Amino acid sequence: MWTLEWRDRVWSALDQTWDLIIIGGGITGAGILREATRAGYKALLVEAGDFASGTSSRSSKLVHGGLRYLRNAQFKLTIESVRERERLLREGRGLVVPIGFLMPCFSTDPLPKWTFGMGLTIYDLLAFRWEHRFYNADGIIELCPLINREFLLGGYRYFDAQTDDARLVLRIIREACRQGGTALNYARVEELCRTRKGWVCGIVLRDVASPERNRSLEVKSPLIINATGAWADILRANSLRVETKALRKHLRKLRGSHLVFPWEKVPLTRAISFCHPQDGRAVFTFPWMGVTIMGTTDVDHLEQDISNPSISPQEFDYLMKAITFAFPSLHLKEEDVQSTFSGIRAVVDSGKSNPSRESREHVIWYENGLLTVTGGKLTTFRITAHDTLRKVQRMLPGEQRFRTGSRILDESCLEILNMVSLEPSKKVHLLGRYGQDMRELINIAQPDDWKPIPSTNTLWGEIRFACRSEGIVHLDDLLLRRVRLGLLLPDGGISLLEKIRPVVQSELKWDDNKWNDETNNYQCLWRKAYATHSR
Ligand code: FAD
């Protein structure tokens, strides 16, 4: 679909008037592109880096009702999230998968255990299912023998879901493109165009994939949507012609960081959610694609650079303290952490001293012709998209056409699976990640492509398919987002580079110089944003 000539094809077709232009290729922009295209609008999405390279590949990967939002009485957010989770579980089999949670209650918790039970009761009622259950301390230990017995009072079992966030974004964008939408990565909006009266009416776009070509273009549309997440204030200020500091309503940038352990070091079969012994915040640890993730922090991100945030020593210690408290018998040490990752959440700054008290609901602002949408969650991307498009319905041709009852993800053709001989669970996993692209993946696969890359569930064929057809510009697009080897393997999979080299070089037509530059850049990026802070 996005082969080597794709970028030039899209660039040569940009000079037309679009019904709407979406700036930002994270989950928010992807959802708006998908729903606008479904409604029959001519929509263009442009992304400054790679698709999902912002927060949408650095989330906690949960498709969840957000149990902790109940604590802040954010009922609307919880109801919407739970309902969207249910739909995504039905439609995104293999990509959005159920995960069992245990919530141990410790004597160190700030709230009595019945309050958790009450929260879970509301949670289940909102989802029209009754799945949570209380266990005494022995029952919890039977379900997870690793849990700290010393302070354990008992606990609850419940269910939520998890996903591969970057693949979810990619699947949505590609399904939109299959239905007539247009999306381009490495195309940065440098400036907003204005009418004589100062109203935003277009964008100045620069091709950052091939800087040597110095390609830039003005693209016009009556509706420009700013879905740039943590970067949103930059374009807002540009539209109002003020400094970001002078904006009346500000976004507060909160960083959340995670630790990644090899599964053998923290061998969990379900997620464990518990209160941090230091401050009582809810934290969780869960198995994900063969590793175990521990998250998350919630701190103000005060650095100027928001492109590749990284964990601070304080966050690292905070998370280590939590996991060693929960599982003392594992005797975890700093060296056991394989990698880390951090994402930035943009929330409306209401000045609360505790960042975790700021609302996580999305906000929509219309200023000088620029519609900004930010905040929100991965789980509720479709609701965010509908709210956004409804807000500007009068600027779009025709009647309102956004229905919450319609599908979120396209139906995949199950017969495709008969074309490969893999274990049924692996087939479903692949179908979830690739949807209708599965047919092409099968068609181009060579016999050895069906083998997994050692220590992972990733197939060699996924590397070939990503290089041939998924719009890769840099090596990190491949290793951090198309497949997640950068998170799943020690040292970001650096030891694997020579093995994937022949496929990458031949598919992407990279000569040795280009390969060397890309591997150097990848290693620098990985050390900056994904390594443990002490290295
Ligand atoms: P982003 O994904 O950051 O996308 C914005 C994009 O805009 C970027 O890719 C950027 O490159 C692009 N951009 C910026 N400037 C320009 C420009 N000038 N031109 C073109 N493009 C530009 N939600 C859940 O539902 N479940 C979770 O488990 C969960 N965990 C989270 C954990 C953490 C630590 C954080 C921070 C958030 C989490 N969330 C979770 C929330 C969710 O991840 C975010 O709300 C969501 O990813 C934000 O998506 P976005 O598209 O708005 O922003």
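Just so it is clear, none of the values below were taken in a lab; they were calculated from the coordinates. None of these values were measured; they are calculated from a predicted model. For neighbour counting, all protein chains shown are included, and Cβ atoms are generated from backbone atoms with ideal geometry for every residue, glycine included.
Taking the fewest neighbouring Cβ atoms within 10 Å as the starting point, the ordered list for Met320, Met1 is Met1, Met320.
By the beta-carbon count within 10 Å of each Cβ, the least crowded to most crowded order of Glu470, Glu358, fewest first, is Glu358, Glu470.
Segment 256-311 and segment 483-512 have Cα centres separated by 26 Å. Per-residue ellipticity at 222 nm, computed for the chain from helices alone with -39500 (n - 2.57) per DSSP H run of at least four residues, works out to -9500 deg cm²/dmol. Put the Cα centre of segment 73-136 next to the Cα centre of segment 1-66 and the gap is 31 Å.
Legend: Rg and Dmax of the chain, from Cα coordinates, 22.8, 72 Å.
Exceedance of the 24 Å cut-off in Cα-Cα distance is limited, within the set Lys42/Lys427; Lys42/Lys76; Lys249/Lys352; Lys249/Lys377; Lys253/Lys333; Lys253/Lys352, to Lys42/Lys427; Lys42/Lys76; Lys253/Lys333. Panel order for His250, His386, by other beta carbons found within 10 Å of each beta carbon, from fewest to most: His250, His386.
Restricting segment 184-214 to trypsin sites (Lys or Arg not before Pro) that sit in a DSSP loop and have at most 13 other Cβ atoms within 10 Å of their own Cβ leaves Arg196, Lys197.
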